[in-house]
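Only one structure is covered here, and it is reproduced in the block below.
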Amino acid sequence: MNDTMLCAVLHGVRDVRLEQRPVPTPQPHEALVRITRVGVCGSDIHYFTHGRIGDNVVRAPMILGHESAGVVVALGSDVSGLSIGDRVTIEPGYTCRQCRYCKSGHYNLCPQVTFMATPPIDGAFCEYVAWPADFCFHLPEPLSDEAGAMMEPLAVGLWAAQRGAVQPGDTVAVFGAGPIGLLTLQACRVAGATTLIAVDIEDSRLQHALRLGATHIINDRDRRAVERIREIVGGADSTLPPVYRGVDIAFETAGALPTTRNTLAVTRPGGVAVLVGLPPDPLVELDIVAAAHKEIDIRGQFRYANRYPRALALVETGRIDVDSLVTHHFPLAQAAEALAFADEHKDLTLKVMIDVGD
């Protein structure tokens, strides 16, 4: 193993440079992982194109990437449960483990979370990462390296279904058929939802939603999604006012204002709206009176907690498909091109993967 490693470093908007940095030395509780695959996330693209996400601003050079898998090549002195040569998927956020949120199992809300590729923390667009061993999970042999990198977005989808409290027989609508939306859709199917409506403006993504279990798809280029969802779920309640003809749980995964409004609009009275993606502007105009009158529960989501073991089990047993979402590959040396391609070709891509090593 060399003393230095290749890294793709973000210096500013659309300014990614290849650099050599020292290979990190694992601390006593850490594993050193040779990275093999890293997924390009929407947050990576946003940092690349805007240099910030809300209050998180790139003020110093930073390595992007937080959806990763690799091979353990060294272990700190206090690590147990991992061996050199193990294939692992890395959960990219670790916490203090001591606050009320960590101790109650909601460690995603820990005020001291350290999360890859969130300023100023470096991510995984590099050849090696040293990371707490208890946030490195064994990757079962049948699973690909790509699947290992996909555990992070799958964890988001599984947490969304839990936040929505999806039950067998539920009707759900998912606004946005990108990777998070498609994984949320599958998580809802596994949880027992029987009517699964996918909404997007790209036909290719909607066709993929059908292959992954959607019972209905809607292309909302004509802005009639709310009306069409009410027609789908109307059934015996078709004589009721339109506002009563809604889904049990609606998920916003696109991070856009129109889909956020539609998510609240199609949630039936007493139902649940889950905000997985968020609009770029935190101050938005929503019909809160209608939401209050319907007594819908509006639930936010911030990452996930305790989802990696379940994600691995669901993919290993074939109940959730992640491999088909990987549509394009780029080598680490072309990380800038990968980010630009993912940003400019949303009609062609689902998940762009960075191939770091074998």
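The values are calculated or read from the model by the stated rules, or taken from the named source; none is laboratory data. Keep in mind that what you see is a predicted model, and the values were worked out from it rather than measured. Cβ placement follows ideal geometry from the backbone for every residue including glycine, while neighbour counts extend to all protein chains displayed. Remember, those area values only see protein heavy atoms, side chains included, never the ligands or the DNA or RNA. Shrake-Rupley method; radii C 1.70, N 1.55, O 1.52, S 1.80 Å.
Of all lysines in the structure, not one has an alpha carbon short of 19 Å from that of K294, not counting any fewer than 8 places away in one chain.
Would the range 230-358 count as rounded, prolate or oblate if I go by the C-alpha gyration tensor, calling it rounded below 1.5 in a/c and otherwise prolate when a/b exceeds b/c, oblate otherwise?
Working: a/c = 2.39, a/b = 1.86, b/c = 1.29.
Verdict is prolate for the range 230-358.
Relative to the longest principal axis of the Cα atoms of the chain, the long axis of helix 225-234 makes an angle of roughly 60 degrees. Exposure check, 1.4 Å probe, all protein chains in place: V72 carries approximately 0 Å² of accessible surface. Bin width 10 Å, alpha-carbon pairs only: give the P(r) of the range 107-146 as whole percents, running from 0 to the bin holding the largest distance. Going from the shortest bin to the longest, the percentages are 21, 47, 28, 4. In a Debye calculation with equal point scatterers on the alpha-carbon sites of the range 1-133 and no solvent, what is log10 I(q)/I(0) at q = 0.15, 0.16, 0.17, 0.22 Å⁻¹? Evaluating at q = 0.15, 0.16, 0.17, 0.22 Å⁻¹ gives log10 I(q)/I(0) of -0.76, -0.85, -0.95, -1.34.
Rg and Dmax, both from the Cα atoms of the range 35-80 and both in Å, are 14.5, 41.
Contact order for the chain, expressed relative to its length and based on alpha carbon pairs under 8 Å spaced 6+ residues apart, stands at 18 percent. The accessible-area ordering, largest first, of the residues S144, S68 stands as S144, S68, per a 1.4 angstrom probe.
As I understand it, the value is the acute angle between the Cα axis of helix 151-163 and the longest principal axis of the Cα atoms of the chain; what does it come to in degrees, rounded to 10? Between the helix axis and the principal axis of the chain, the angle is about 30 degrees. Length available on full extension from I288 to L257: 0.36 nm per residue minus the Cα-Cα distance, which gives 9.8 nm. Calculated translational diffusion coefficient of the range 149-193 (37 °C, 0.692 mPa s; Stokes-Einstein with Kirkwood radius over alpha-carbon pairs) equals 322 µm²/s. Take every Cα pair under 8 Å whose residues are at least 6 apart in sequence, average their separation, divide by the length of the range 131-256, and the relative contact order is 25 percent. Could you tell me which of rounded, prolate or oblate describes the chain, using a ≥ b ≥ c as the square roots of the eigenvalues of the alpha-carbon gyration tensor, with rounded for a/c under 1.5 and, failing that, prolate when a/b is larger than b/c and oblate otherwise? Judged from the Cα gyration tensor, the chain comes out prolate (a/c at least 1.5, a/b above b/c). Taking all protein chains into account, the per residue accessible area for the chain stands at 44 Å² (1.4 Å probe).
Once you order the gyration tensor axes a ≥ b ≥ c over the Cα atoms, which shape class does the range 57-146 get: rounded for a/c under 1.5, otherwise prolate or oblate by comparing a/b with b/c? Oblate. Take the Cβ atoms of K346 and Y244, set R0 to 45 Å, and the FRET efficiency comes out at 0.85. With one equal scatterer per alpha carbon and no solvent term, the Debye-computed log10 I(q)/I(0) for the range 216-281 at 0.12, 0.25 1/Å reads -0.29, -1.11. Entry note, the chain: the mean residue ellipticity at 222 nm calculated from DSSP H runs of n ≥ 4, each adding -39500 (n - 2.57), is -7500 deg cm²/dmol after division by the residues and rounding to the nearest 500. Size check on the range 51-105: the Cα extents along the three principal axes, sorted descending, read 39, 31, 19 Å.
Axis angle, to the nearest 10 degrees, between helix 179-191 and the longest C-alpha principal axis of the chain: 70 degrees. Unpaired Cys in the chain, meaning no second Cys C-beta under 4.7 Å: C41, C96, C99, C102, C110, C136, C188. Evaluated with a Cβ-only charge set (Lys, Arg +1; Asp, Glu -1), the chain carries a dipole of roughly 860 debye about its Cα centre, given to the nearest 20. Charged neighbours of E127, selected by a Cβ distance under 13 Å, balance to -2 (K, R count +1; D, E count -1). Measuring nothing but how far apart in sequence close Cα pairs (under 8 Å, 6+ apart) lie, relative to its length, the range 201-358 scores a relative contact order of 15 percent. Using a probe of 1.4 angstrom, how much of the accessible area of the chain is carbon and sulfur, in percent? Carbon-and-sulfur percentage of accessible area, whole number: 51.
Per-residue extension of 0.36 nm, minus the Cα-Cα distance of D3 and A333, leaves a gain of 116.9 nm for this segment.
Gyration tensor over the Cα atoms of the range 157-273: the corresponding equivalent ellipsoid has semi-axes (square roots of 5 times the eigenvalues, largest first) of 19, 16, 13 Å. Using the Karplus relation 6.51 cos²θ - 1.76 cosθ + 1.60 with θ = phi - 60°, the per-residue 3J(HN,Hα) values for the range 40-56 come to 8, 9, x, 5, 4, 5, 5, 5, 5, 8, 10, x, 6, 9, x, 7, 8 Hz, with x marking Gly and Pro. Counting only heavy atoms of the protein chains and using a 1.4 Å probe, K103 has close to 150 Å² of accessible surface. In this view, the solvent-accessible surface of E337, computed with a 1.4 Å probe and all protein chains in place, comes to about 100 Å².
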